[in-house]
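First comes the structure, then the notes that go with it.
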Amino acid sequence: MSKYFAVLLLLIFSTQIQALEKVTLQLKWTHQFQFAGYYMAKEKGFYQEEGLDVIIVPADPNNPNVDFRVLYGQAQFGVFHSGLLKQRLEGKPFVALAALLQSSPYCWMVKAQSGIYVPRDFQGKRISLLGHTENGELLMMLQRAGVNTDSMLLYSGKKPFDDFIAGKFDAMQVYSTNEPYQAQQLGVATREICPKQFGLNVYADVLFTTEAMLRDRPQQVMRFRRASLKGWRYAMLHLEESLAVTKANYATHKSLAQLAYEAEKLKDFIRVSGIPIGKMSAAKWLWIAQLYHLDVSQFHEHKADFIYSEVKQDPASLSWVLIIAAVLTLVCIPMYIQLIFSRKNKSHLR
């Protein structure tokens, strides 16, 4: 009998392995705690439970705009910024699946002795050049305070962090989890002036896919999203374990202290009271469209297809049960019949 059970387990296991669907997740930056939820979804087997074999690809820091890899099918899923909406209105068929950061971690970093405390203090100051559309809220924050950003002096050198520390300009655009830590390690006192502090809460780190993926593989999209959000919930509840996994298997180039600093900073962007992790709303996306002066009528035309709405049923999730049930049926019935006959033979022999 033990032989039959061994065969049964082998069949079930091999069926699960063969059925895993390979998909690629393209990150928007290099490996760091910023993507810990995806790491934990992979490491804890959440993706595998959904029938997925996920490859997580970091971005090239010299070319971090990775949306084209998803657009052209080199990756099935990606992480981008709130500029994804602009891309959609410009004709790229992107679908926002979840917003992992409820606010943007992009901030201005100034030295503690600079005298810059609020946006209006930036008037006449020299700032670093904004290189990406994802941090447009930094300029928007200044403009809403009445600062004439068109007349501001811009630093555009090749070593912004070093030159900021050397005092060659006044305010540097930073990702709240990275450059402030570097300045702290050098003993340079700084503070951050962030859009979030002044009511500009735009989404960041938006998980997305394409309309083609959603049309052709809706269940795969649902399962990937579900496992990813499960990974993020796990990461937030088990920070020490998530830090250890991130350090050991992904961000090997960063110290544990640096990753811990990043986790401490990001958790308030991810976990917001009253908002489930990853939750998006049409009202906030509309506000983002208005903030960036996008065509509101276009937004209303696209919002139903742009903002993901989970389908009600997931037949694919039942497929595992059906497969296992079928295997059990095929294997157990012959075993049962053989058991009956063996008992009858024994009784005859007696």
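Any read-out appearing in this document is the output of simple, stated calculations on the displayed coordinates, not a laboratory observation. It should be emphasised that the depicted structure is a prediction, and the values quoted were computed from it without experimental measurement. Ideal geometry is used to build each Cβ from the backbone, glycine not excepted, and the neighbour counts take in all protein chains shown.
At a glance:
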read-out: Loop-resident sites, region 239-303, for trypsin sites (Lys or Arg not before Pro), counting at most 16 other Cβ within 10 Å (DSSP); value: Arg271, Lys279
read-out: For region 106-198, convex hull of alpha carbons as volume per residue, Å³; value: 91
read-out: Hull volume in cubic angstrom per residue (convex hull over the Cα atoms of region 56-163); value: 151
read-out: Candidate lysines for bridging to Lys159, where Cα separation is under 28 Å - those fewer than 8 sequence places away on the same chain excluded; value: Lys28, Lys111, Lys125, Lys168, Lys196, Lys247, Lys254, Lys265
read-out: Beta bridges per DSSP with both ends in region 106-198, % antiparallel, nearest 5; value: 70
read-out: Net charge of neighbours whose Cβ lies under 9 Å from the Cβ of Met109, counting Lys and Arg as +1 and Asp and Glu as -1; value: 0
read-out: Distance violations [Cα-Cα > 19 Å] among Lys22/Lys42; Lys279/Lys303; Lys86/Lys158; value: Lys86/Lys158
